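Each remark here refers to the structure printed beneath this line.
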Amino acid sequence: MKILIIEDDITIRSELKSLLERYNYQVIAAESFENLPQTAADAAPDLILLDLGLPLRDGYYVCREIRKSSGVPIIVVTSRNTEIDELTSMNLGADDFITKPYNTQILLARIENVLRRAYGALSENTIQYGGAVLNLSDSTIIANGKTLELTKNETRVLRLLMTEQGKIISRNQIMEELWQTDEFVDDNTLTVNINRLRKKLSETGLTDFIRTKRGQGYII
Ligand code: CA
C-alpha cells in the first residue's frame, strides 16, 4: 500500500517515512507545498497522512481540494489539539484524526484500520496497483474510495495486466485470455472493450491506468 505524507516539518517527515517503510508501506513524501492537490493526484496513493499546519495553504484547504476529485482515505495529523479541529477535519471528509505527538503504534493501528475500512481485507483474491485494488472474488475494482462493478471480461483484462504490472501485454495475449469466456473477441471488439474499460476506470479517477504501447500492446 502506498502512503503519501504531507508534512512540512522535515524531522517529523523523515521519521514518519522511515517508520512506515519499516512496516512495508511504500512511501512518498511531498517536498514542495505549491500544488498539493496535484501532488496527491499524481502520486495516486492508497492513503494520505495530512498535517494541518502547512506553509502556503493549510491542511483544511488541501483536504477540501483533494475531496473534490478523490475519495482517497485521509488521516489528518496535527498538533492543534482541540475538538473543533477534529470536527472540522471530519466535516472536510478526512477519515481519521490523530494529534502530535502521537504514539507510533497507535498511528500504525489507525492507518491499518482506515485502509481496511476503505479497501476491505486484502486477501489472495486481490491485486493492487497504483492506488487501485482489483478484487477477483466479486469482480470489482476499488480506487479513490469508489467501487466499480466489472464485467467478466473486464476483470480478466485487468487481472492479466495487473498481475504482469510493468510488462507489455500484447493484444493477442489479451484476446487469448478472453477466448476462455463464452464470448469470441476479435481485434475490433478488443479495442471497444478496452476503450469502455478505460472510460469506466476514469470514473474513479484512474485515468491513463491502462497505457497503450503502440504496435506492441498494453501496459499497467
Ligand atoms: Ca506543520
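The values are calculated or read from the model by the stated rules, or taken from the named source; none is laboratory data. None of the values given here were measured: they were computed from a predicted structure. Positions of Cβ are generated from backbone atoms using ideal geometry, with glycine treated the same way; all protein chains shown enter the neighbour counts. The accessibility values were calculated without ligands, DNA or RNA, using every heavy atom of the protein model including side chains. Shrake-Rupley method; radii C 1.70, N 1.55, O 1.52, S 1.80 Å.
Observations on the model:
- Test for Gly93: is it touching a Cys at 6+ places or on another chain (Cβ under 8 Å), within 25 Å of Tyr129 (Cβ to Cβ) and more than 16 Å from the ligand (Cβ to nearest atom): yes
- Only one of Val27, Val72 that is assigned by TED's automatic domain parsing to the domain that holds Asp9, touching a residue at least 40 places away in the same chain (Cβ under 8 Å) and of a type in the set (Val, Ile, Thr): Val72
- Hey, Asn35 surrounded by fewer than 18 Cβ atoms within 10 Å (Cβ to Cβ), farther than 16 Å from Gly131 by Cβ and within 17 Å of the chain's Cα centre (by Cα) or not: no
- Given (1) open to solvent by 20 Å² or more (accessible area, probe 1.4 Å); (2) within 19 Å of the chain's Cα centre (by Cα); (3) outside the structural domain of Ile48 (by TED's automatic domain parsing), number of the condition Leu201 does not satisfy: (1)
- Gln128 in contact (Cβ under 8 Å) with a residue 60 or more places away in the chain and open to solvent by 50 Å² or more (accessible area, probe 1.4 Å): yes
- The set of residues from the stretch 164-198 being open to solvent by 40 Å² or more (accessible area, probe 1.4 Å), among the hydroxyl-bearing types (Ser, Thr, Tyr) and at pLDDT 90 or above comprises just one member, Thr191.
- Test: residue in the stretch 108-120 that is among the hydroxyl-bearing types (Ser, Thr, Tyr) and touching a residue at least 40 places away in the same chain (Cβ under 8 Å): yes
- Leading residue by the ranking (surrounded by the fewest Cβ atoms within 10 Å (Cβ to Cβ)) among those in the stretch 55-75 that are over 23 Å from Asn24 (Cβ atoms) and among the hydrophobic types (A, V, I, L, M, F, W, C): Leu56
- Single residue of Leu108, Leu161, Leu201, Leu92 found to be touching a Phe, Trp or Tyr at 6+ places or on another chain (Cβ under 9 Å), modelled with pLDDT of 90 or more and within 21 Å of Lys68 (Cα to Cα): Leu201
- Qualifying residue in the stretch 43-54 (condition: in contact (Cβ under 8 Å) with a residue 40 or more places away in the chain, over 20 Å from Gln105 (Cα atoms), aliphatic (A, V, I, L, M) and open to solvent by 30 Å² or more (accessible area, probe 1.4 Å)): yes
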